Amino acid sequence: MAGPVKKREIQQNFGKTKDDESGNSSGNEENENVVSKEQGMEITVDFEGRSPTDPDFHGIKTLLQQLFLKAHVDLSNLTNLIIEQNYIGSVVKQSQDDAASDDEDDDDDINDVFGITTVINISNRQNVQCIQQLRDLLKQMANDHATDATNTMIKNVLENDSAPLGLLINERFVNLPAQISIPLMENLISEMKRATNKRMPFEFSHFILICKLYKPSEQDVTMKKNKNKRRNANEEPEIFWSNPEEELFNDEATCSFEFSVELESDSGLSGAWTESDKEMTPYRRVLLFDASKLQTIVDKIKQEIQ
């Protein structure tokens, strides 16, 4: 049964959240004025983190679609699971006061979801369809794209039910700044600790994180090499991380693999490129990292991004 709605503060410094003794966030909110930049335009918007609720269904599902694209996962089922366990994780929403001032007659603005940060236990409840589909997807992706060593490691973690594996979901609109991830991740860590203290299945040995990233097209890479003959042929092309903080997760990963999703229809939520932008190829990079490193990674994000 879903718990009560809680507000998570997204403060001016993006670095802290305030929880009362019962675990609910303080009622006196201070929302971050986020400046969203798109094609030269700046829009200041107040955001807040909240528990997922039923009206957030379509917004959460849309964000999951931009991550999983055409993968064989029942996203409706997965979205319902996220809402059902709403004592874990947060959705990013426009402040209700701010949304009302923009358009008092448009109730949809209040229910818009701009991000979702949560974790799914994919070692538990394997009889649930979307959980089994996620497990099958990870095995298939690793089998198709990972090295033999990485493939073996991921399959071993999946099959070790005594060491639960969590799928970390960190999705948002591309124009929201990376700083917003800090209070959301800190809240998630606190909520997992509270859930574990209540003997709920949120103590993990490892996390899996699927990242969205972009690389220049092969044509652009070839042209750049031809212009600079002294370029190291083994040098990796520049990477654009849809969520920049995930590069720090990558640095701490035990293993990883990636693959192009160029042939899949990517959602417009992934970003709006201007005519002057060079063509980029979308990829997915799958990271496996030790659960004990999560707090360390969040601390590094605070140091690097704040």
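Name every residue in the stretch 127-140 that is open to solvent by less than 60 Å² (accessible area, probe 1.4 Å) and part of a loop (DSSP other than H, G, I, E, B), in order of residue number. Correct list: Val128 only. Listed residues Ala178, Ala195, Ala149; which is at pLDDT below 95 and out of contact with any Lys or Arg (no Cβ under 8 Å at 6 or more places or on another chain)? One residue alone meets the criteria, Ala178.
Let's see how each residue does on (1) within 12 Å of the chain's Cα centre (by Cα); (2) crowded, with 18+ Cβ neighbours inside 10 Å; (3) among the hydrophobic types (A, V, I, L, M, F, W, C):
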site: Val174; (1), (2), (3): yes, no, yes
site: Ile180; (1), (2), (3): yes, yes, yes
site: Glu186; (1), (2), (3): no, yes, no
site: Asn197; (1), (2), (3): no, no, no
site: Ile208; (1), (2), (3): yes, yes, yes
site: Tyr214; (1), (2), (3): no, yes, no
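State all residues of the stretch 42-96 that are of a type in the set (Val, Ile, Thr), open to solvent by less than 10 Å² (accessible area, probe 1.4 Å) and closer than 20 Å to Ser242 by Cα; if no residue qualifies, say none. The answer is Ile60, Val91, Val92.
Does Val45 qualify as being in a strand (DSSP E or B), modelled with pLDDT of 95 or more and out of contact with any Phe, Trp or Tyr (no Cβ under 6 Å at 6 or more places or on another chain)? It is false that Val45 is in a strand (DSSP E or B), modelled with pLDDT of 95 or more and out of contact with any Phe, Trp or Tyr (no Cβ under 6 Å at 6 or more places or on another chain).
Scan the stretch 164-209 for residues that are part of a loop (DSSP other than H, G, I, E, B) and touching an Asp or Glu at 6+ places or on another chain (Cβ under 6 Å) and the total you get is 1.
Per the listing Asn160, Asn143, Asn156, the residue uniquely within 16 Å of Asn124 (Cα to Cα), open to solvent by 60 Å² or more (accessible area, probe 1.4 Å), of a type outside the set (Val, Ile, Thr) and free of Cβ contacts under 8 Å to residues at least 40 places away in the same chain is Asn156.
The values are calculated or read from the model by the stated rules, or taken from the named source; none is laboratory data. Since the model is a prediction, treat every value here as computed from it, not as a measurement. Note that we place each Cβ from the backbone using ideal geometry, even for glycine, and neighbour counts take in every protein chain shown. Note: accessible area is taken over every heavy atom of the protein model, side chains too, but ligands, DNA and RNA are not part of it. Shrake-Rupley method; radii C 1.70, N 1.55, O 1.52, S 1.80 Å.
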